[in-house]
Every structure is written in C-alpha cells, then in structure tokens.
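Take a look at the structure below.
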Amino acid sequence: MTTTLSQYNVPQQLTSVRFSATGNLAGVYVNGPLNNGIGATLTAASPAALAVDGGAPVPGDRVLLSAQTNANENGIYVVNSSGSGASVWQLQRSADQQSLEQFGAGQFFSTNAGSTLAASIYVLVEPLPNQLGIDALTYTKS
C-alpha cells in the first residue's frame, strides 16, 4: 500500500492594521540608520496632525501604506507620534516588517477602522523586494 502525502503552503496572517491610507502620505522617508529597512521612518515635513482614511491614528496604532508615490515606502508602520500643534507625526516600519525573511507572498491582514477601507483584507503580492526600503512592496485589496 502506498501512502501519498500532500504539502500545503498556507500564507501567514499578519496582525491587523487599524487604518489603511487611501493615497500617498507625504513625508520624509529614512530607510533606517543602516539603509536596510530596520527602523525605517516616515515623518511629516512640517507640523501636522496625522489623518488616515478619515481617522486620527494614535501612538501604537498599526497603519498600512500601500499607495505611496515611492512604492519602496509601502508597508505596515506603527505610529510613534500623531502630531498636533507644533509637533510632527512619525511612523516607523513595524517590527514584523523589518527584514526580508519576514515577507512572504500571500501574507494577508485586515483593516479594522476607517471611512472607506474598514473591514478590508490586504494581501502581499509578488515580486517580493530584494532590498527592503529600496525595492517596491505591493499590497492588493481583495
């Protein structure tokens, strides 16, 4: 008797994000101190409150940027500061998105809040980047 085993590659679900940006979020991108994506930040160029898809993310919230003009800036970020008055907002690439080994085509996650994108599911699609923060990251809404 012959036994046939099947192997299934099930994509990993990532932790949900609170908001997903509907367009480019303008700011100054720094690809981390060693230009390798670790500790990458996006910071407002001038004082402003952070607004994403009709909401106001607060420090600690996860935010998806999937429509950046420079697609190398796309990814999941954590809000370090949300800005107000004379302060600027700053996002930092999330800890689960700081090395190439953490990325896999088909990884998916949901968006929990927002005016237009709440309850959306996003999927990371190929080609995956060769260099984090330098090559494009592409997420598609399913």
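Taken together, the values in this text are just the output of simple stated rules run on the coordinates, not laboratory data. What you see is a predicted model; the values in this text were computed from it and never measured. Don't worry about glycine lacking a Cβ; one is built from the backbone with ideal geometry, like all the others, and counts go over all protein chains shown.
Placing unit charges on each Cβ (+1 for Lys and Arg, -1 for Asp and Glu) gives the chain a dipole about its Cα centre, and among L64, Q98, I134 the Cα reaching farthest toward its positive end belongs to L64.
Positive contributions from Lys and Arg (+1) and negative ones from Asp and Glu (-1), summed over other residues with Cβ under 15 Å from the Cβ of G37, come out at -3. The modelled label-to-label distance between Q12 and A45, using points 7 Å beyond Cα along the C-beta direction, is 3.6 nm.
Note on V30 and F108: the model spin-label points, each 7 Å out from Cα along the C-beta direction, lie 3.7 nm apart. Legend: translational diffusion of region 19-141 by Stokes-Einstein, Rh = Kirkwood radius over C-alpha pairs, 25 °C, 0.890 mPa s; D = 171 µm²/s. For A136, project a label point 7 Å along Cα to C-beta. Then give me every residue of region 59-78 with its amide nitrogen under 18 Å of that point. 65-76, by backbone N distance to the label point.
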